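Laboratory data are not the source of any read-out in this text; all were calculated from the coordinates shown. No experiment lies behind these values; they were computed from the predicted model shown. Don't worry about glycine lacking a Cβ; one is built from the backbone with ideal geometry, like all the others, and counts go over all protein chains shown.
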Amino acid sequence: MNQGRLETFSDGVFAIAITLLVLTIAQPQPRDYANLARHLGKGWPSLAAYVVSFIVIGIMWMNHHTVFSHLARIDRGLFYLNLLLLMTIVFIPYPTGVFGEALRRGQGAKTAAVFYSVVMATNALVWGSLWLYASVGRRLLNSDFPESERSMATILFLVGVFVYTASIGVALINPYLCLGFHGALALYYALDPISRRVRREGS
């Protein structure tokens, strides 16, 4: 299967998902324009949820490129796992909109935070599955990917599944803390730990 076509298709899905996020920001109702500044000020939770999810999807796109840069080839199994991954990513705007609106209204915020965290945990599970499928036995990895770092990369992906699952518990404690927790996780993955370790190994 052609890896370039798969990555181009994936880039398009990422672009659509990240663009759809802007639709999750609460719009003023006609009656709100009489006091627009107050309404916009009260709508900051929707904007905060948008910012966190925008960063999350942006970092996912970057790490998707990183993972595929370590693959020598792809096969049908990886294609289907990647398709499942893209399905979870393009779904993110929906729980983002629900979460932001629940925070703005002050109603159902914990339920919305749990919903958002479940979606993110599912996404992390698919990420881990994709990496395991490609890396176990070096099935699809480039020959120059350090063997000493393969197990560490696997640990990082699996830990991510547990951490994102733990965010469900954080959501039950405080929805605002949950949103900050997801933002912090996105910033951690922005550091791209796999590539940094591989570069150190190769230097």
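What order do you get for 111-124, 155-168 when each peptide is scored by the mean count of other beta carbon atoms within 10 Å, highest first?
Details: 111-124: 21.8, 155-168: 16.6.
Listed from highest to lowest mean packing, they are 111-124, 155-168.
In what sequence, highest mean first, do 2-14, 91-103 appear when ranked by Cβ atoms within 10 angstrom?
On the way: 2-14: 13.9, 91-103: 22.2.
Ranked by mean Cβ neighbours within 10 Å, highest first: 91-103, 2-14.
Please list, in order along the range 76-91, the HN-Hα scalar couplings obtained from phi with the Karplus expression 6.51 cos²θ - 1.76 cosθ + 1.60 (θ = phi - 60°), rounded to whole Hz, x for Gly and Pro.
After applying 6.51 cos²θ - 1.76 cosθ + 1.60, I find 5, x, 5, 4, 5, 5, 5, 5, 5, 4, 5, 4, 5, 6, 5, 7 Hz.
Report the FRET efficiency, 1/(1 + (r/R0)^6), for residue 139 and residue 184, where r is their Cβ-Cβ distance and R0 is 35 Å, rounded to 0.05.
On the way: r = 33 Å, r/R0 = 0.93.
Here the calculated transfer efficiency is 0.60.
Report the calculated FRET efficiency for residue 159 and residue 87 (r = Cβ-Cβ distance, R0 = 25 Å), to the nearest 0.05.
Between residue 159 and residue 87 the formula returns 0.60.
What list of ³J(HN,Hα) values in whole Hz, one per residue of the range 33-46 in order, does the Karplus curve 6.51 cos²θ - 1.76 cosθ + 1.60 (θ = phi - 60°) give from phi, with Gly and Pro shown as x?
Per residue, the Karplus-derived 3J(HN,Hα) values read 6, 5, 9, 5, 4, 5, 5, 5, x, 6, x, 4, x, 5 Hz.
Averaging over all projection directions, find the projected area of the Cα convex hull of the chain and quote it in nm² with one decimal place. Don't jump to the answer; show the numbers that get you there.
Numbers: hull surface 48.3 nm².
Quarter of the Cα hull surface area: 12.1 nm².
Name the residues whose placed amide hydrogens come within less than 5 Å of the amide hydrogen of residue 71, ignoring near sequence neighbours (fewer than 5 apart) on the same chain.
Answer set, sorted by chain and number: 142.
What full-extension length gain, to one decimal in nm, is calculated for residue 36 and residue 129 as 0.36 nm per residue of separation minus the Cα-Cα distance?
On the way: separation 93, 0.36 × 93 = 33.48 nm, distance 4.65 nm.
Separation in residues times 0.36 nm, less the Cα-Cα distance, equals 28.8 nm.
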